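Everything on this sheet refers to the single structure shown next.
The values are calculated or read from the model by the stated rules, or taken from the named source; none is laboratory data. Note that the structure is a prediction, hence the values are computed from the model and not measured. Cβ placement follows ideal geometry from the backbone for every residue including glycine, while neighbour counts extend to all protein chains displayed.
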Amino acid sequence: MNDVLPDDNAAWTTLERVAARIFAGYGYEQIRLPIMERTALFKRAVGEVTDIVEKEMYTFEDRGGDSMSLRPEGTAGAVRAGIEHGLLHNATQRLWYVGPMFRYERPQKGRYRQFHQFGVEAFGQVGPDVDIEQVALSARLFRTLGVTGLQLQINTLGTPEERAEYRDALHAYFSARADALDADSQRRLDRNPLRILDSKNPDMAALIEGAPTLREYLGPESSAHFQGLCDGLDRLGIAYTINPRLVRGLDYYTRTVFEWITRDLGAQDAVCSGGRFDGLVEQLGGSTTPAMGFALGVERVIALMQAQDAALVDLAPQVYLVYKGDAAQARVPVLAEQLRDALPHLRLRVHAGGGSLKSQFKRADKSGARLALVFGDDEAAADEIQIKPLTDRRPQEQVGLERLAERIAALLD
């Protein structure tokens with residue numbers, strides 16, 4: 001688990017602000033979910049024969065004897081909340097959330113045991129139009145952030161019935177080659193052979209490449225749904241690659257699955273992943289409800305933004321207020337609050353802790369502020385203040401306090 005230090009916060013703030021604006025622009029509303037749920041929720045939703053449930057969840061027994069887990073992903077909690085609060089009953093919903101997730105994985109670049117995700121979920125839409133919308137939304141988000149070089153991969157997993165037939169074909173294929181399977185794949189063979197396709201072991205690549213593909217087992221409705229997705233992306237000019245081995249690591253997916261991948265982060269190539277989960281609401285006790293969603297890995301997108309020098313919001317103070325003298329010091333807090341009232345978006349840092357004007361100016365320069373306000377006892381007596389530019393050669397000027405907010409706004413414009 002890692003700390004996010006102040007020097008990295010501009011990238012986080014940029015992503016958070018841009019994402020919230022774009023989600024709202026597509027009609028998605030924010031929901032805030034707890035970071036802990038009953039363990040049974042994740043076993044039912046994610047699947048017991050997954051690495052997440054078998055190896056990676058932080059699970060413990062609370063004082064009441066209930067098994068609880070820190071959330072390893074957000075969709076299960078979003079569905080649980082939707083059912084519990086009646087959000088999904090005879091209604092369509094577009095929701096998004098953001099926050100920390102927890103998995104006991106081997107830490108490496110872009111992967112931590114506490115990591116953060118944006119989640120986007122749409123409920124109640126049957127056709128591929130919402131699938132297309134979410135891919136377009138994610139593409140717009142990356143464009144707005146200035147992140148480039150991402151590649152979109154898509155696939156379809158069909159319905160549970162089609163996947164069951166495919167599962168039997170995979171089981172037969174891999175059983176005939178059991179001696180070539182690694183230990184993880186041998187363990188998955190009887191319980192969930194689709195997970196073998198998700199193997200990251202390079203020694204398994206050739207064997208997996210020769211396996212049957214699920215598209216051979218799709219019925220007409222699933223085929224039409226996937227063709228509708230492809231046609232919609234073509235019309236939008238969004239380039240994609242069909243990857244028949246893209247199965248995702250969670251059991252609840254049906255039909256559409258997609259990933260945005262990058263080659264700039266080493267082994268951790270997926271920065272955004274999602275798909276349909278049409279049976280999950282019913283599986284968790286709700287009514288039959290089609291659904292589509294995706295998750296965006298915050299740390300991985302931040303790493304890309306920093307590697308590609310994406311434009312970040314400026315969080316440095318714009319104005320630094322220095323002062324000298326008892327009369328000036330007594331008036332500084334009131335003056336600062338008046339400026340913040342007059343200019344609500346002003347980033348104003350007021351010096352604290354005493355010290356000479358020389359030492360205060362050193363801190364002002366180090367802060368990155370564009371202007372310094374110099375307030376001494378003489379200025380306090382005259383209701384005036386000095387404005388000193390710190391980042392250009394404009395002359396220092398003296399203005400009355402009644403004009404200060406207006407002048408600061410003009411200088412920062």
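Only one of Asp314, Asp251, Asp269, Asp264 is modelled with pLDDT under 90 and in contact with a Gly (Cβ under 6 Å, 6 or more places away or on another chain). Can you tell me which?
Being modelled with pLDDT under 90 and in contact with a Gly (Cβ under 6 Å, 6 or more places away or on another chain) holds for just one of Asp314, Asp251, Asp269, Asp264, which is Asp251.
Scan the range 275-292 and tell me whether some residue there is over 30 Å from Gly77 (Cα atoms), surrounded by 20 or more Cβ atoms within 10 Å (Cβ to Cβ) and either assigned by TED's automatic domain parsing to the domain that holds Val120 or not β-branched (Val, Ile, Thr) (or both). No, the range 275-292 contains no residue that is over 30 Å from Gly77 (Cα atoms), surrounded by 20 or more Cβ atoms within 10 Å (Cβ to Cβ) and either assigned by TED's automatic domain parsing to the domain that holds Val120 or not β-branched (Val, Ile, Thr) (or both).
Determine whether the range 12-29 contains at least one residue that is among the polar types (S, T, N, Q), under 16 Å from the mean Cα position of the chain (by Cα) and either outside the structural domain of Gly274 (by TED's automatic domain parsing) or surrounded by 15 or more Cβ atoms within 10 Å (Cβ to Cβ) (or both). It would help to see each step written out before you state the result.
Residues of the range 12-29 that are among the polar types (S, T, N, Q), as a first pass: 13-14.
Then keep just the ones that are under 16 Å from the mean Cα position of the chain (by Cα); that gives 13-14.
Checking the rest, the ones that are also either outside the structural domain of Gly274 (by TED's automatic domain parsing) or surrounded by 15 or more Cβ atoms within 10 Å (Cβ to Cβ) (or both) come to 14.
So far as the range 12-29 goes, yes, one or more of its residues are among the polar types (S, T, N, Q), under 16 Å from the mean Cα position of the chain (by Cα) and either outside the structural domain of Gly274 (by TED's automatic domain parsing) or surrounded by 15 or more Cβ atoms within 10 Å (Cβ to Cβ) (or both).
The residues listed here are Glu54, Glu105, Glu73, Glu121; of these, the one that is acidic (Asp, Glu), within 23 Å of the chain's Cα centre (by Cα) and not in a loop (DSSP other than H, G, I, E, B) is Glu121.
Every condition in (1) farther than 30 Å from Arg191 by Cα; (2) surrounded by 16 or more Cβ atoms within 10 Å (Cβ to Cβ); (3) among the charged types (D, E, K, R) is met by Asp309 except one, and the failing one is (2).
The set of residues from the range 224-244 being free of Cβ contacts under 8 Å to residues at least 40 places away in the same chain and not charged (D, E, K, R) comprises Ala224, Gln227, Gly237.
Just one of Ala176, Ala180, Ala211, Ala172 is closer than 24 Å to Thr256 by Cα and of a type in the set (Gly, Ala, Ser); which is it?
Working: Ala176 fails: closer than 24 Å to Thr256 by Cα; Ala180 fails: closer than 24 Å to Thr256 by Cα; Ala172 fails: closer than 24 Å to Thr256 by Cα.
Being closer than 24 Å to Thr256 by Cα and of a type in the set (Gly, Ala, Ser) holds for just one of Ala176, Ala180, Ala211, Ala172, which is Ala211.
Screening Thr92 on (1) surrounded by 17 or more Cβ atoms within 10 Å (Cβ to Cβ); (2) touching a strand residue (DSSP E or B) at 6+ places or on another chain (Cβ under 8 Å); (3) at pLDDT below 95 shows it passes everything except condition (1).
Checked against (1) surrounded by 14 or more Cβ atoms within 10 Å (Cβ to Cβ); (2) closer than 20 Å to Asp269 by Cβ; (3) over 30 Å from the mean Cα position of the chain (by Cα), Leu170 meets all criteria but (2).
Within the option set Ala364, Ala330, Ala352, being outside the structural domain of Thr14 (by TED's automatic domain parsing), under 38 Å from the mean Cα position of the chain (by Cα), surrounded by fewer than 15 Cβ atoms within 10 Å (Cβ to Cβ) and of a type in the set (A, V, I, L, M) holds for one residue only, Ala352. Inclusion of Val313 among residues that are among the β-branched types (Val, Ile, Thr) and not assigned by TED's automatic domain parsing to the domain that holds Gln93 is warranted.
Could you identify the single residue in Asp264, Asp278 that is on the phi < 0 side of the Ramachandran plot, part of a loop (DSSP other than H, G, I, E, B) and touching a strand residue (DSSP E or B) at 6+ places or on another chain (Cβ under 6 Å)?
Values: Asp264 fails: touching a strand residue (DSSP E or B) at 6+ places or on another chain (Cβ under 6 Å).
The conditions single out Asp278.
Within the range 35-49, restricting attention to residues that are crowded, with 21+ Cβ neighbours inside 10 Å and touching a residue at least 40 places away in the same chain (Cβ under 8 Å), the residue that is nearest to Ser287 (Cα to Cα) is Ala45.
Within the range 391-402, identify whether any single residue is closer than 21 Å to Val334 by Cβ, outside any loop (DSSP other than H, G, I, E, B) and touching a residue at least 60 places away in the same chain (Cβ under 8 Å), and answer yes or no.
Yes; the residues of the range 391-402 include at least one that is closer than 21 Å to Val334 by Cβ, outside any loop (DSSP other than H, G, I, E, B) and touching a residue at least 60 places away in the same chain (Cβ under 8 Å).
Applying a threshold of 9 Å to beta carbon distances and a minimum spacing of six or more residues, or different chains, the list of pairs starting in the range 159-187 at a residue that is within 14 Å of Leu207 (Cα to Cα) and ending at one that is of a type in the set (A, V, I, L, M) and assigned to a loop (DSSP other than H, G, I, E, B) reads Leu170/Ala211; Tyr173/Ala211; Phe174/Leu181; Phe174/Ala211.
Residue by residue through the range 173-191, note down the ones that are surrounded by fewer than 15 Cβ atoms within 10 Å (Cβ to Cβ) and charged (D, E, K, R). Talk me through it step by step, then tell me what you get.
If we filter the range 173-191 for residues that are surrounded by fewer than 15 Cβ atoms within 10 Å (Cβ to Cβ), which is where we start, we get 175-180, 182-183, 186, 190-191.
Once the filter is applied, which keeps residues that are surrounded by fewer than 15 Cβ atoms within 10 Å (Cβ to Cβ) and charged (D, E, K, R), the range 173-191 yields Arg177, Asp179, Asp182, Asp190, Arg191.
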